[in-house]
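All remarks here apply to the structure that follows.
The values are calculated or read from the model by the stated rules, or taken from the named source; none is laboratory data. Please read these numbers as outputs of a predicted model, since none were measured by experiment. Counting neighbours? That spans all protein chains shown, and the Cβs are built from the backbone with ideal geometry, glycine included.
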Amino acid sequence: MLEDEFGRAVSGVRVSLTDRCNFDCVYCHNEGLGDTRGPMEPGENEMSTDDVVRFLEVAAEYDVDSVKFTGGEPMLREDLEEIIRRTPDSMEVSMTTNGTFLPGRAEGLKDAGLDRVNVSQDALDPEAFAEITKSGAYDKVMEGVEAALDADLAPVKLNMVVFEHTAGYVERMVEHVADEDGLQLQLIEYMPELTGKPEWNIDIGRVHDWLADISDRVEHREMHDRKRYWVGGDSDEGGMVEIVDPVENADFCANCGRVRVTHEGYLKGCLNRNDDLKSMGEMTKPEIREAFEAVVANRVPYYGEYLVKNDQGEYEFNEKYIGA
């Protein structure tokens, strides 16, 4: 595996297949690119099937062992099954989706080689769900979760962004995954630096404290040094709640082993930055290798290096990287 100058090996890639989506979630940051959601028709700027597969074949040369397909909504790509089928066998394949297209396609995705899915679900209430996602697709998402479980894409992780709009639904969602076999919960800290609206932010530390009080077991995951809480039992399959809390978290950045790929074919070393985008050119394998090695070499932990604390304990830009 390639390592950056901070000793972080890149073990996984996160590939955006499109910036299109059938939802309009109020917190969306489109893989850190901002509000770039395009029209619902496929755009000429999206990587082709062959481009995506060619990149993954190169990544596998560097012992990258996992890929997560994202969007926008990746299931708007009609070639998704083909992309998954042609992904190198050495890679674990997962996908983040809003779930609306899983009914009718989940089994085919599993047969193509998809291992598991993350489904965005921010509330167990249709009205609240509609307010957050600007979509009336609550029932279809619930169907999608069931379809994923039936297709053995388990454990199915439910992604819930925790902010002012959703904080009141966290307890019910934790109970839900504790009661339902095959479900896990990923609570994602709201990122005002990417989405705006800082007034929507809440203290994620309070969620940690509450989960620590009610959980049966707590462990740290190596990636991002994330905490995992088991609630309602000690099973490795269900009842697991994981918190993704990158904001002002230097430990999170210090344990990041991911490189991202935009739908247009740019490599991105950090979710929070867009000044480090690296084009893969015409997507030939030599160009991909060159760009991949360069973006890994230039990776910088966002908090603790690209941003550093001043004498008042506040984060500010490291002068070393201004204009770099």
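Could you list, in sequence order, the residues of segment 118-141 that are assigned to a helix (DSSP H, G or I) and in contact (Cβ under 8 Å) with a residue 24 or more places away in the chain?
ALA128, GLU131, ILE132, THR133, LYS140, VAL141 - these are the residues of segment 118-141 that are assigned to a helix (DSSP H, G or I) and in contact (Cβ under 8 Å) with a residue 24 or more places away in the chain.
Quick one: how many residues across segment 148-163 are among the charged types (D, E, K, R) and part of a loop (DSSP other than H, G, I, E, B)? Before you say what the answer is, go through the steps one by one.
Step one: of segment 148-163, the residues among the charged types (D, E, K, R) are 150, 152, 157.
From what is left, the residues that are part of a loop (DSSP other than H, G, I, E, B) are 152.
Here the count works out to 1.
Give me the residue from segment 266-282 that is surrounded by fewer than 22 Cβ atoms within 10 Å (Cβ to Cβ) and small (Gly, Ala, Ser) and, out of that set, modelled with the lowest pLDDT.
GLY281
VAL170 versus (1) more than 13 Å from GLY239 (Cα to Cα); (2) out of contact with any strand residue (DSSP E or B) (no Cβ under 8 Å at 6 or more places or on another chain): which is the lone unmet condition?
Against the list (1) more than 13 Å from GLY239 (Cα to Cα); (2) out of contact with any strand residue (DSSP E or B) (no Cβ under 8 Å at 6 or more places or on another chain), VAL170 comes up short only on (2).
ARG206 fails exactly one of the following numbered conditions: (1) over 30 Å from ARG20 (Cα atoms); (2) surrounded by 15 or more Cβ atoms within 10 Å (Cβ to Cβ); (3) out of contact with any Asp or Glu (no Cβ under 7 Å at 6 or more places or on another chain); (4) modelled with pLDDT of 90 or more. What is the number of that condition?
(2)
With the requirement that a residue be farther than 26 Å from ASP24 by Cα, in a loop (DSSP other than H, G, I, E, B) and among the charged types (D, E, K, R), what does segment 56-88 give you?
Correct list: ASP63, ASP65, ARG86.
With the condition kept exactly as written, say whether any residue in segment 32-55 is assigned to a helix (DSSP H, G or I) and touching a Pro at 6+ places or on another chain (Cβ under 8 Å). Steps first, please.
Within segment 32-55, the subset assigned to a helix (DSSP H, G or I) is 49-55.
Now narrow it down to the ones that are touching a Pro at 6+ places or on another chain (Cβ under 8 Å): none.
No, that holds for no residue.
Just name the residue that is nearest to the chain's Cα centre (by Cα) out of those in segment 301-324 that are of a type in the set (A, V, I, L, M, F, W, C) and part of a strand (DSSP E or B).
Let us first name the residues in segment 301-324 that are of a type in the set (A, V, I, L, M, F, W, C), namely 307-308, 317, 322, 324.
After this cut, where a residue has to be part of a strand (DSSP E or B) as well, the list is 307-308, 317.
Values: LEU307: 22, VAL308: 25, PHE317: 25 Å.
By that ranking, first place goes to LEU307.
So ARG172 fits all but one of (1) assigned to a helix (DSSP H, G or I); (2) of a type in the set (D, E, K, R); (3) closer than 22 Å to CYS28 by Cβ; (4) at pLDDT below 95; what number is the exception?
(3)
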